[in-house]
Amino acid sequence: MIETGYNCIGQPSVCSDDNECILGTDNCDANATCSNTTGSFSCACDSGYTGDGVTCSDENECVLGTDNCDANATCSNTTGSFTCACDAGYTGDGVTCSDENECVLGTDNCDANATCSNTTG
């Protein structure tokens with residue numbers, strides 16, 4: 001009796017493991033990684049996705065709170081990941097945001113006869 005997951009040749013049979021991942025006979029989701037095992041395979045969802053490996057769906061890191069955005073940044077979910085962007089009045093890469101001093105930068109809208117005072121954000 002030849003078991004699924006093996007390739008057997010001759011009498012007596014000499015069997016070798018089929019690598020379903022390489023052969024493309026696995027049923028892993030497009031957003032999962034296939035791992036060959038002896039006589040079978042396993043599927044695991046890629047980072048940014050959740051599920052059983054056969055079915056994977058996007059994780060919304062912003063809703064789950066698993067993002068690493070600064071407290072003064074906005075998180076935006078993307079397929080399989082997320083992005084961070086500093087809020088208005090802050091500068092940085094979204095993971096680290098610092099207050100912009102509009103008075104020093106000259107981006108304030110104060111009258112020429114007024115004193116500009118920077119506030120947070």
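Is there a residue in the stretch 71-83 that is surrounded by 12 or more Cβ atoms within 10 Å (Cβ to Cβ) and touching a residue at least 40 places away in the same chain (Cβ under 8 Å)? Yes, some residue in the stretch 71-83 is surrounded by 12 or more Cβ atoms within 10 Å (Cβ to Cβ) and touching a residue at least 40 places away in the same chain (Cβ under 8 Å). Candidates in the stretch 1-57 are the residues that are assigned to a loop (DSSP other than H, G, I, E, B), open to solvent by 90 Å² or more (accessible area, probe 1.4 Å) and among the aliphatic types (A, V, I, L, M); of these, the one that is modelled with the highest pLDDT is A30.
Note on the stretch 84-121: residues that are assigned to a loop (DSSP other than H, G, I, E, B), within 30 Å of G65 (Cα to Cα) and not hydrophobic (A, V, I, L, M, F, W, C) amount to 10. If you go through the stretch 58-70 one residue at a time, how many are open to solvent by 60 Å² or more (accessible area, probe 1.4 Å) and assigned to a loop (DSSP other than H, G, I, E, B)? Qualifying residue count, the stretch 58-70: 2. Listed conditions (1) within 29 Å of S117 (Cα to Cα); (2) buried (at least 17 other Cβ atoms within 10 Å of the Cβ); (3) not aromatic (F, W, Y) are all met by A88, apart from (2). Checking T96 against (1) on the phi < 0 side of the Ramachandran plot; (2) open to solvent by less than 50 Å² (accessible area, probe 1.4 Å); (3) touching a residue at least 24 places away in the same chain (Cβ under 8 Å), which single condition isn't satisfied? All conditions pass for T96, except number (2).
The values are calculated or read from the model by the stated rules, or taken from the named source; none is laboratory data. None of these values were measured; they are calculated from a predicted model. Cβ: placed from backbone, ideal geometry, glycine included. Neighbour counts: every protein chain shown. Side chains included, ligands, DNA and RNA excluded: accessible areas come from the protein's heavy atoms. Shrake-Rupley method; radii C 1.70, N 1.55, O 1.52, S 1.80 Å.
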